[in-house]
Amino acid sequence: MHSKSGELLKTRVSRYMSYLLRHNPENLKMDKKGFVNLKELLNKVRQRFPVNENFIREIVQKSDKKRFEIVGDKIRALYGHTIPVEIQLEEDK
């Protein structure tokens, strides 16, 4: 999916994910480290965009700015939060 419309969709989905994971998780259950269940996030994103889990994983993996992190079955934003979360990066340990 390297068409202009595909890239636009990735940008729009990434922005929505950033909004949910950094600023307003709405009804997503977020732990104190900022993680939400990946499937729950996917269901939320699907209410606006026709995407699947692989699409979200591709956004996470191919992001040049490393905005998101997936660990197991959870996903979080790594920076830019306006809600309180405890992010501990590998180099902080």
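The values are calculated or read from the model by the stated rules, or taken from the named source; none is laboratory data. Remember, predicted model here, so these are calculated numbers, not experimental data. So basically every Cβ, Gly included, is an ideal-geometry build from the backbone, and we count neighbours across all protein chains shown. Protein only, heavy atoms only, side chains kept; ligands, DNA and RNA dropped before computing areas. Shrake-Rupley method; radii C 1.70, N 1.55, O 1.52, S 1.80 Å.
Tabulated results
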item	result
Hits in the range 55-65 (condition: touching a helix residue (DSSP H, G or I) at 6+ places or on another chain (Cβ under 9 Å) and either open to solvent by 90 Å² or more (accessible area, probe 1.4 Å) or on the phi > 0 side of the Ramachandran plot (or both))	Lys62
The range 8-23 - residue that is charged (D, E, K, R) and over 23 Å from Gln88 (Cβ atoms) and, of those, least open to solvent (accessible area, probe 1.4 Å)	Lys10
Lone qualifier among Leu21, Leu38, Leu8 - being in contact with a helix residue (DSSP H, G or I) (Cβ under 9 Å, 6 or more places away or on another chain) and free of Cβ contacts under 8 Å to residues at least 40 places away in the same chain	Leu38
First in the range 73-84 and under 15 Å from Leu41 (Cβ atoms) and surrounded by 12 or more Cβ atoms within 10 Å (Cβ to Cβ), second anywhere and polar (S, T, N, Q) and modelled with pLDDT under 95, Cβ under 7 Å, 6 or more apart	none
Positions within the range 29-54 being open to solvent by less than 20 Å² (accessible area, probe 1.4 Å) and in contact with a strand residue (DSSP E or B) (Cβ under 7 Å, 6 or more places away or on another chain), in sequence order	Gly34, Val36, Leu38, Leu41
Ser14 being within 9 Å of the chain's Cα centre (by Cα) and of a type in the set (S, T, N, Q)	yes
Glu26 open to solvent by 40 Å² or more (accessible area, probe 1.4 Å), at pLDDT below 95 and either in contact with a Pro (Cβ under 7 Å, 6 or more places away or on another chain) or not aliphatic (A, V, I, L, M) (or both)	yes
Number of the condition not met by Asn54 [criteria: (1) of a type outside the set (Gly, Ala, Ser); (2) closer than 22 Å to Ser5 by Cα; (3) under 12 Å from the mean Cα position of the chain (by Cα)]	(3)
